[in-house]
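Input: a single structure, listed below in structure tokens.
The values are calculated or read from the model by the stated rules, or taken from the named source; none is laboratory data. Quantities reported herein were computed from a predicted structural model and do not represent experimental measurements. No Cβ is skipped: glycine too gets one built from the backbone with ideal geometry, and neighbour counts run over all protein chains shown. Ligands, DNA and RNA are stripped out before the accessible areas are found, and what is left, the full protein with its side chains, is counted by its heavy atoms. Shrake-Rupley method; radii C 1.70, N 1.55, O 1.52, S 1.80 Å.
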Amino acid sequence: MTRAPDARAGLGGELLVHGLAQLVDPRGRTSDPLTIIEDAFVWIRDGEVAATGPMADLPAEAALLLGDGKDPRAFDGSGCVALPGLVDSHTHAVFGAGRAHEFERRLAGATYQEIAAAGGGILFSVRDLRSRSMDDLIEISRPRIAEFARFGVTTVEVKSGYGLTVEDELKTLRAIRRLSDEDDLPRLVPTFLGAHAIPEEYADDRESYVRLVIDEMLPAVVEEDLARFCDVFCEQGAFTLAEAERILERAGELGLGLKIHAEEFTPLGGAELAARLKAASADHLVAIDDRGITSLAASATVATLLPGTSLFLKLGRHAPGRALADAGATLAVATDFNPGSSMSQNLPLMVPLACLNLGLTIAEAVRGVTLGGALAIGRPELGVLAAGSPGDVAVFDTPDVRNLAYHYGVPRAVLVARDGRPLWKAKRRSSRTDTALLS
Ligand code: NIG
Ligand code: FE
């Protein structure tokens, strides 16, 4: 019996995107030009890229899918650009209530730190998350995570860090695990961020909380295999450099990859620590100094830039993306999606922000939301669009990749597939407003 063609049947899907104006493969070093194939196809079979290339080289077996033009596995990519599915390598996407009330206070002049010092900010989200069941957390997070796919994102790193007790951190990570079992959502990469804030009940005894993270939370997380990475918020008012080092060293001993929120507001030396501990990434870096830049550039640690956070917090300053790229650091660009400092899943919007505010070229920023993000989560293969790479593809309704930065803010993901199975397909093309740019 033959089965009706079903992109979701089998282990992984089959998909042919044909007639693409551009197929972009971001492989290369930070500042290399992007490799672009014009009038191109990408053919995914069994969830993996079977071939890419110019239409003239379309394999006969793939051409069968063109048939009468009605096969749902074939997608007309004319006038479009294909990239590997975007990788958002830094989010806090599992939380309860939003914090629009704090946003309004910030618009009226209060700072993020003032709100945090008054018991709001992260601690507001902690009180809220502790009051919820795991099932409630899953229900409230699912649509927020699904939203990423509409922007072309097929992989999302998600941090815990709003629980801050053993049970509430485990509850968060179990919720992430449950959501990562749902194959109509982006792939999730879990990070343990028990060291996000000192919880209220430990305000006068921070050392006991640091020990709780090291001696109880980390072993429990590892025992259940709930996280790939451990992260620490190293900042005045959060965790000191020495505390971050103790926590990350233990996490490394237990086999977790390492990440750090470093120099978001204050240069404490987190970037150098990350390089020394061979962390996968050091993130934020708004206040990084020359020594931090030099040590990241000399390491394999990815410098993760979060231009949405500087904007949303009205910081008035930005991570030195240009200096980091010129020094030779590997860059990722991510949203930092969270209820306090960056309430947006729009990873493509971070491309023009990284160009305009951080001095990146378009190629650097596009590589940052693809290969750079993939490197920051230890999955380089997710940043490649070529035969043998995972079948994650994002098709954008514009004929020139440069429009992703130039004609900014347009919702243009028309087909987004994970492992060859569509996560998102636009009902109709709405943004056919770009013509090919003159080069
Ligand atoms: O990356 N900096 C610390 N953590 C988040 C903010 C989390 C929150 O405000 O809820 C960040 O900006
Ligand atoms: Fe963050």
Residue identified as within 16 Å of ligand 1 (Cβ to nearest atom) and crowded, with 19+ Cβ neighbours inside 10 Å among E200, E169: E169
Complete set of residues in the range 100-134 that are under 15 Å from G161 (Cβ atoms) and within 13 Å of ligand 1 (Cβ to nearest atom): A116, G121, I122, L123, F124, S125, V126, R127, D128, L129
Subset of the range 81-114 [of a type in the set (A, V, I, L, M, F, W, C) and more than 30 Å from G378 (Cβ to Cβ)]: A97, A100, F103, L107, A108, A110
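Residue by residue through the range 309-340, note down the ones that are part of a loop (DSSP other than H, G, I, E, B), buried (at least 24 other Cβ atoms within 10 Å of the Cβ) and either without any contact (Cβ under 8 Å) to a residue 40 or more places away in the chain or within 15 Å of ligand 1 (Cβ to nearest atom) (or both).
Initially, the range 309-340 is screened for residues part of a loop (DSSP other than H, G, I, E, B), giving 313-320, 328-330, 334-337, 339-340.
Remaining after also requiring buried (at least 24 other Cβ atoms within 10 Å of the Cβ): 319, 329, 334-337, 340.
Within the range 309-340, A319, A334, T335, D336, F337, G340 qualify.
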Single match in F41, F95, F75 (criterion: surrounded by 21 or more Cβ atoms within 10 Å (Cβ to Cβ), in the same structural domain as Y162 (by TED's automatic domain parsing) and of a type outside the set (G, A, S)): F95
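If you go through the range 98-113 one residue at a time, how many are within 20 Å of D336 (Cα to Cα) and either open to solvent by less than 30 Å² (accessible area, probe 1.4 Å) or in a helix (DSSP H, G or I) (or both)?
Here the count works out to 10.
Any idea how many residues of the range 154-175 are among the β-branched types (V, I, T), farther than 14 Å from G96 by Cβ and within 16 Å of ligand 2 (Cβ to nearest atom)? If you could, list the steps in order and put the result at the bottom.
We begin by selecting, within the range 154-175, every residue among the β-branched types (V, I, T); these are 154-156, 158, 165-166, 172.
Subset that is farther than 14 Å from G96 by Cβ: 154-156, 158, 165-166.
The next check asks that each one be within 16 Å of ligand 2 (Cβ to nearest atom); those that pass are 156, 158.
Number of matching residues: 2.
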From L285, L268, residue being open to solvent by 20 Å² or more (accessible area, probe 1.4 Å) and within 16 Å of ligand 2 (Cβ to nearest atom): L268
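Counting just the residues of the range 73-97 that are β-branched (V, I, T) and in a loop (DSSP other than H, G, I, E, B), which one comes out farthest from ligand 1 (Cβ to nearest atom)? Break it down stepwise before answering.
Taking the range 73-97 and keeping what is β-branched (V, I, T), we get 81, 87, 91, 94.
Applying the additional criterion that residues be in a loop (DSSP other than H, G, I, E, B) yields 91, 94.
Numbers: T91: 9, V94: 11 Å.
Ranking the qualifying residues of the range 73-97, first place goes to V94.
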Residues that are among the polar types (S, T, N, Q) and either open to solvent by 40 Å² or more (accessible area, probe 1.4 Å) or not in a helix (DSSP H, G or I) (or both), drawn from the range 114-139: S131, S133
Complete set of residues in the range 209-264 that are open to solvent by 40 Å² or more (accessible area, probe 1.4 Å) and either in contact with a strand residue (DSSP E or B) (Cβ under 7 Å, 6 or more places away or on another chain) or within 16 Å of ligand 1 (Cβ to nearest atom) (or both): R228, Q236, G237, T240, L241
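Condition (residue is assigned to a helix (DSSP H, G or I) and either open to solvent by less than 50 Å² (accessible area, probe 1.4 Å) or not charged (D, E, K, R) (or both)) applied to the range 147-155: is it met by at least one residue? It would help to see each step written out before you state the result.
Step one: list which residues in the range 147-155 are assigned to a helix (DSSP H, G or I), which gives 147-150.
Adding the requirement that they be either open to solvent by less than 50 Å² (accessible area, probe 1.4 Å) or not charged (D, E, K, R) (or both) leaves 148-149.
Yes, the range 147-155 contains a residue that is assigned to a helix (DSSP H, G or I) and either open to solvent by less than 50 Å² (accessible area, probe 1.4 Å) or not charged (D, E, K, R) (or both).
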